[in-house]
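Notes to accompany the following structure.
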Amino acid sequence: MNKQLLLFFSCVIVLFGCINGFSQSKKDSPYKSPPSSRLIEGLLKNLASRQVNVKEKAVVAEAIEQLPDQITYHCPLCGKDTVHKRPSIAVRGSMWPVSHLKHDRKQVAELSKYTKLEIFLDEEGFCANCTKGKLRENAKLIIVVDRKEVVNELQDNDLRILDAFFKGKDEVNIQRGTNYQSEPLRNYISRLYRLLIPR
């Protein structure tokens, strides 16, 4: 094969790779099937080994909206309603988990679709009937990895951390009070292990 033909094929291969890479980035997700715990551990080790300087910077502040005095939670399991009264300290949605449940559900659905993992919220704690009056403040986040459920109480920044991790980012916007602070994602490796690796 002469040099010109070899050069032509090399250019075609590089061009095809660029086009394929571009079209891949346009797709919703690089995951064709749910990542295994082995793959997740590999991604976590890769994240730990990356030496990326992330400048911590404040980003857009959370809009403080007027919260209602009470919210009626309709349980999808038993069909009963539970009235939740706003705690006096809750001046924004993130301080009152039941008030941003709709947003959390949407984020979980998007994350599940993107990763192909089974991810869902256990909201039973918001229902007085299901808990026999022993209400919990937070939903539980359940992620199925290798057919095993990993169950944790959902914390404020968990969904942001997971989203950044699965999208291969080096930083994540963490909520601090009414502001969001851009921080290195590698600071949250231990939380990611807890959220994703079956114990």
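The values are calculated or read from the model by the stated rules, or taken from the named source; none is laboratory data. None of the values given here were measured: they were computed from a predicted structure. Cβ sites come from the backbone with ideal geometry, for glycine too, and all protein chains shown count toward neighbours.
Observations
- Annotation note: Cβ proximity below 9 Å between a residue of segment 40-61 that is more than 8 Å from SER182 (Cβ to Cβ) and of a type in the set (Val, Ile, Thr) and a residue that is part of a loop (DSSP other than H, G, I, E, B) and at pLDDT below 95 (sequence gap 6+ or interchain) occurs for VAL52/ASP170.
- Residues considered: ILE161, ILE197, ILE189, ILE142. Of these, the only one that is buried (at least 16 other Cβ atoms within 10 Å of the Cβ) and touching a Ser or Thr at 6+ places or on another chain (Cβ under 8 Å) is ILE197.
- Cβ separations smaller than 6 Å between residues 6+ apart or across chains give the following pairs from segment 126-141 residues that are over 17 Å from GLY79 (Cα atoms) to residues that are part of a loop (DSSP other than H, G, I, E, B) and at pLDDT 95 or above: ASN138/LEU154; ALA139/GLU123; ALA139/LEU154; LEU141/LEU154.
- Residue in segment 14-29 that is within 30 Å of LEU121 (Cα to Cα), modelled with pLDDT of 55 or more and not basic (Lys, Arg) present: yes
- Against the list (1) over 27 Å from GLU118 (Cα atoms); (2) modelled with pLDDT of 95 or more; (3) among the charged types (D, E, K, R), the condition ARG50 fails is (2).
- Residue in segment 164-178 that is surrounded by the most Cβ atoms within 10 Å (Cβ to Cβ), counting only those that are touching a Ser or Thr at 6+ places or on another chain (Cβ under 7 Å) and more than 18 Å from ILE197 (Cα to Cα): ASN173
- Scanning segment 110-139 for residues that are over 19 Å from GLY168 (Cα atoms) and surrounded by fewer than 16 Cβ atoms within 10 Å (Cβ to Cβ) gives GLU118, ASN129, THR131, LYS132, GLY133, LYS134, ARG136, GLU137.
- Qualifying residue in segment 122-138 (condition: within 26 Å of SER36 (Cβ to Cβ) and of a type outside the set (D, E, K, R)): no
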